[in-house]
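Asker: Dropping the structure in here first, questions after.
A short reminder: the numbers here are calculations on the coordinates, not readings from a lab. Keep in mind that what you see is a predicted model, and the values were worked out from it rather than measured. Note that each Cβ is placed from the backbone with ideal geometry, even for glycine, and that neighbours are counted across all protein chains shown.
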Amino acid sequence: MTRSPSATPVRASATRRLAALALAVALVPACGSTPPSRFYVLAPTTELNPAAEPEVHLGLETVVLPDSVDRPQMVTVVSAHERRVSELDRWAEPLTVGATRVLGQYLEAEFGATSVVPLRNRYGPELDGVVAVEVLTFDARPSGDSTLVARVDVQIGNWRQSGRVASTFDNTFGDSGAPAVARGLSAHMGTVAHVAAELVRAGLSADAGG
């Protein structure tokens, strides 16, 4: 069989084109890849200096959050009717878990030797009272400024009392965006803890007075 003189160059040219196409396809995902996600946690925003008060054992219900923000992604306010959900800025733990943990840390600082037991762990010392918090609204802006409205319920024995918290966080730090949103929600939990502590003190006084 006689081979055509042009057959080899044509095959070589076709092979080079296929190789170039494969390289181009391989480069597309790299050029259009999504940046890695950033993860944030809540933490006390000030140094906690425990007060010198009698030891108190409190049960802490899991903090209830609005469905609009209780998700892995961070949510910020665009307008009165629009929210932006970030796929890159995420919470490193369920937000209810982080909010409950930080609220407990602030409460322990309010009372010094206080033991705060999450009520999902039903083990621990006999409780003097129970604290429950429902966050009604949490609106955070990309600037880092945020507002929070919450309801606080405290039960000490047969004594029950509720309070309402309206907290504002003005971001005076140099950053903005997700880090400031996390710092703001952490600060709000400190305000909520202070209101809850005042209710607990009133309940303990009422219970002692009998």
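Asker: Can you give the local net charge around T172? Use residues other than it whose beta-carbon is closer than 12 angstrom to its beta-carbon, Lys and Arg +1, Asp and Glu -1.
Answerer: Values: positive: R183; negative: D145, D170, D175.
Local net charge: -2.
Asker: Add +1 for every Lys or Arg and -1 for every Asp or Glu among the other residues with Cβ under 12 Å from the Cβ of Q155, and state the total. Working shown, then result.
Answerer: Working: positive: R160; negative: E61, D128, D153, D207.
With Lys, Arg at +1 and Asp, Glu at -1, the neighbours total -3.
Asker: Shifting gears a bit: At a threshold of 8 angstrom on Cα-Cα distance, excluding pairs fewer than six apart, so keeping six or more, what relative contact order does the stretch 49-209 reach in percent? Mind dumping the intermediate values first?
Answerer: Details: 335 pairs, mean separation 40.8, N = 161.
For the stretch 49-209, the relative contact order is 25 percent.
Asker: Nearest 20 debye, what's the magnitude of the dipole of the stretch 70-152 about its Cα centre given +1 on Lys and Arg Cβ and -1 on Asp and Glu Cβ? Don't jump to the answer; show the numbers that get you there.
Answerer: On the way: 9 positive and 12 negative charges, 47 e Å.
Once rounded to the nearest 20, the dipole reads 220 debye.
Asker: What does DSSP give for the stretch 49-209 in terms of the percent of beta bridges that are antiparallel, rounded to the nearest 5? Provide the component values of the computation, followed by the final result.
Answerer: Numbers: 27 of 36 bridges.
Close to 75 percent.
Asker: Quick one: putting +1 on the C-beta of Lys and Arg, -1 on the C-beta of Asp and Glu, what dipole do you get for the stretch 49-209 around its Cα centre, in Debye to the nearest 20? Before the final figure, lay out each step's value.
Answerer: Working: 13 positive and 21 negative charges, 58 e Å.
Around 280 debye, computed over the stretch 49-209.
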